[in-house]
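Please read the structure below before turning to the comments.
Any read-out appearing in this document is the output of simple, stated calculations on the displayed coordinates, not a laboratory observation. Model, not experiment: these values are computed from the prediction. Cβ placement follows ideal geometry from the backbone for every residue including glycine, while neighbour counts extend to all protein chains displayed.
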Amino acid sequence: MDEVLSPSTRLLVQLVLILGAARVVGALFRRLGQPQVIAEIVTGMLMGPTLLGRAWPEWHAVLFPASSLPALDAISQVGLVLFMFLVGLELDLGVLRRQGRLAAGVTIGTLVLPLLSGVALALALQPGFGPPGVPVAEFAFFIAIAMSVTAFPVLARILAERGMLATTVGTIALTAAAGHDLAGFVMLGVAVSAAHATGATGVIRAATVTLAYVGAMILLVRPLLARIERRFGTLRDLKQTGLAILLLAVFVSALLAEHVGIHALFGAFLAGVATPRAHRTVAAIRGRVEDIATLILLPVFFAATGLRTDLMAAMSGGNGSWTLAIIAISTAAMWLGALVPALRAGLGFRDGVTLGVLANTRGLMELIILTIGLDLGLLTPTLFAMFVVMAIVNTLATAPLVAWLYPRARVLAETTRATAASTYGLVACVAHPDSAAALGRLGADICGPPPARGWALRLVSVSEQPGLFPNEPTEADGPAEILAGVAQGAGSAFEPVTAQAGDVVDAIQSFARLKEADLILLGLHRPLWGGAQLGGPVARVAHAAPCDVLVFHDAGFRGARRVVLGLGGDNDEAAKRVADRIASRPGVELVVIDGRRDSGRVDALKAAAAGADLVVVGIGAAWDLPLQRFDVREPRLLAELGTSLLAVCSGEEGD
């Protein structure tokens, strides 16, 4: 049979076997509560010497001879480049910045402790399993990276299947996994560069090149692509030309990364990170690229990995004891790294352990890193197989352990509480792109995750008289789209709405009534309101609004971590409702200043605002913020505070 199979025929036969077996095994694994990617990993392992090579060596030699592996490797590399681009595309750096202290603590704990345990484990493994000629430092650094990785895509799929994406535990776990992806691949880029370098000077140069490449992609390429998208809509529309340009950028980034000695996959990952984050952009790209990458090309990678992996060798003799030790140490490091910060932040023991189990999901990301280490000679085939067993065992354990620790009844209880708030809605009014991002961040902090919802409303006046909104072009990706995109990136469900109106104030009120909104959010700055006045129609909106009205003064707002609530006016209840809602998000600290009996309340508020991200007060004379003054001059508190301010009015205040 070997003689009658041409290279092209053999490749087609291999693809049929690989893809067919992956779907069959996947159907079985889904019945066991495991995601499809786990089935593909196991299928790939069974195609190699682990099963097929042992049970039917003649067929294995005919179907997968060594001479055919380069073709499979080439196909799998294309799949990995596209997959790593998708991973980078899903990684929102804004979410990492905006998450609270709890998420940051879990991210750091589940990164640092596995790194340290990886170094200790590498020192123990090096005498018996270290590759000859590889310096101990390089070997230890790579093992540390391999011990600290979390499979973000697999984790997201497990959480989605269990309905946990909107839970506190699910949000924190995804944030930590995103942080792991970014930190892990930056460290991997340094490790790959160092493996090609010689001497201390070469290692320093490798680290410098890696960090410079990361900085260039995030600080230069990312804003450039965002400007191109806003100007031309190439990525937004994602027609064939737009998709071709985007894929060209991905492969060019991968090629440049490979050329400077980092790795092609790292370049593809950074291309995804640099892609603009408009919600429609991400969804459109994923819809075009994901199926080809995950259904066809990635199973080929698993097969190519399995063809050079003998899992039985990892469990034979003394190797089995070391494999079990790797599994135990990796699990303990992740669990403790999540449990300690969770307990310190006030979460329960069960929640902390659940976070550790989720962080211990290894999956495809681990296999990618291990394959790179094997190709670079940083791992021996035996050690590679031992770590592959660790990745499979830890990932297989995730779904059943999470089901036990976080049962359906608890998920349902959290979902029910969220559903009770599903009617909560916020209308954020925006006019200028410069104010859209801050309004989007604040809107997300107030609105929170779905099922609560928000609308980014931009109304263009058709009147010839100077009105609420200056005359501006109605480009497709204008302020409303920017605001909605930022809020969506922070995990909130916002819909952009742009329309013309004769009386924009009446239109705002009518829109809020139509949507049965709970809040109207207004940005306070000159370009928004027009003319020389500071506030314009704030009073008109507040007097007849069907809900509470928020007036936002932006002083460089980047997200609410420390919020100061000032009490002492007629709108205290409305201000407290808003502040409590923001403070209900994980990691937000709320400080309350009670100035109801203090004539120096403004000075006390200013002192408390030092180091805060946001000050929340009720509109009224108590804070020198009477409603009418917004229309004529800048109130004292805005001029002197120096911190972003959210002034709240119940909609009935006529002070």
## Note on the structure
Per the rule of 0.36 nm per residue minus the C-alpha distance, extending Ile218 to Val62 adds in nm 51.5 nm
### Cα Rg, Dmax (largest Cα-Cα span) when computed across the range 343-442, Å
21.6, 61
## Note on the structure
Residues whose built amide H sits under 5 Å from the amide H of Ile593, excluding neighbours closer than 5 in sequence, are Leu565, Gly566, Leu567
### Task
Quick one: grab Rg to one decimal and Dmax as a whole number for the range 560-599, Cα atoms only, in Å.
10.6, 34
### Task
Please state, to two decimals, what the Cα-based radius of gyration of the range 283-373 comes to when divided by 2.2 N^0.38 Å (N = residues).
1.46
### Task
List every residue whose amide H lies under 5 Å from the amide H of Gly454, counting only residues 5 or more places away in sequence or on a different chain, with H placed 1.01 Å from N in the peptide plane.
Leu426, Ala493, Phe494, Glu495
#### Entry: Ala120 versus Glu258: modelled label distance in nm, points set 7 Å from Cα along the beta carbon direction
4.0 nm
### Query
Once phi is turned into ³J(HN,Hα) by the Karplus curve 6.51 cos²θ - 1.76 cosθ + 1.60 with θ = phi - 60°, what whole-Hz value does each residue of the range 119-133 show in order, with x for glycine and proline?
5, 4, 5, 4, 5, 6, 7, 4, x, x, 10, x, x, x, x
#### Entry: Cut-off 20 Å (backbone N to label point 7 Å along Cα→Cβ of Leu412), residues of the range 440-457
451
